[in-house]
1. How large is the charge dipole for the range 34-76, taken about the Cα centre, if only the Cβ atoms of Lys, Arg (+1) and Asp, Glu (-1) carry charge, to the nearest 20 debye?
2. Taking R0 as 41 Å, what's the FRET efficiency between residue 68 and residue 5 from their Cβ-Cβ distance, rounded to 0.05?
3. Could you go through the range 22-27 in sequence order and give the Karplus-derived ³J(HN,Hα) for each residue, using 6.51 cos²θ - 1.76 cosθ + 1.60 with θ = phi - 60°, rounded to whole Hz, and x for Gly and Pro?
4. List the residues whose amide H sits under 5 Å from the amide H of residue 38, counting only those 5 or more places along or on another chain, with H placed 1.01 Å from N in the peptide plane.
5. Between residue 78 and residue 37, what is the FRET efficiency for a Förster distance of 25 Å, r being their Cβ-Cβ separation, to the nearest 0.05?
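Derivation of every value follows stated rules applied to the coordinates shown; laboratory data play no part. A quick note: this is a predicted structure, and the numbers were derived from the prediction, not measured. Here Cβ is always computed from backbone atoms with ideal geometry, including for glycine, and neighbour counts include all displayed protein chains.
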Amino acid sequence: MEGSDRVGEQRIGEAEAARDALTEALRRAGIRFPAVDVRIPVRADGAAGYAMVVLGECSAPVARELAAVIERGAERGAGQDTGRGAV
């Protein structure tokens, strides 16, 4: 189980780093989510699952601001293949 614990710790660290990067990017864009968090799903088999970055709830104005920021980024990146897959 020690190897599974190590993998779980790596996945938690990865999710925390992603949460921090997302929070900072949103902050720079002038958007603040009240409860960005990392949660660890419990698996019945005890295997290490991926830790999840949870954005929580936001108001309609914040959702509109986020959509506008994403749209501006999409317009700038139109035609550029980032090589990233969909979630």
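1. Roughly 60 debye for the range 34-76.
2. Working: r = 42 Å, r/R0 = 1.02.
Rounded to the nearest 0.05, the efficiency is 0.45.
3. Coupling constants for the range 22-27: 5, 4, 5, 5, 5, 4 Hz.
4. 54
5. Numbers: r = 32 Å, r/R0 = 1.29.
Taking R0 as 25 Å, the efficiency between residue 78 and residue 37 is 0.20.
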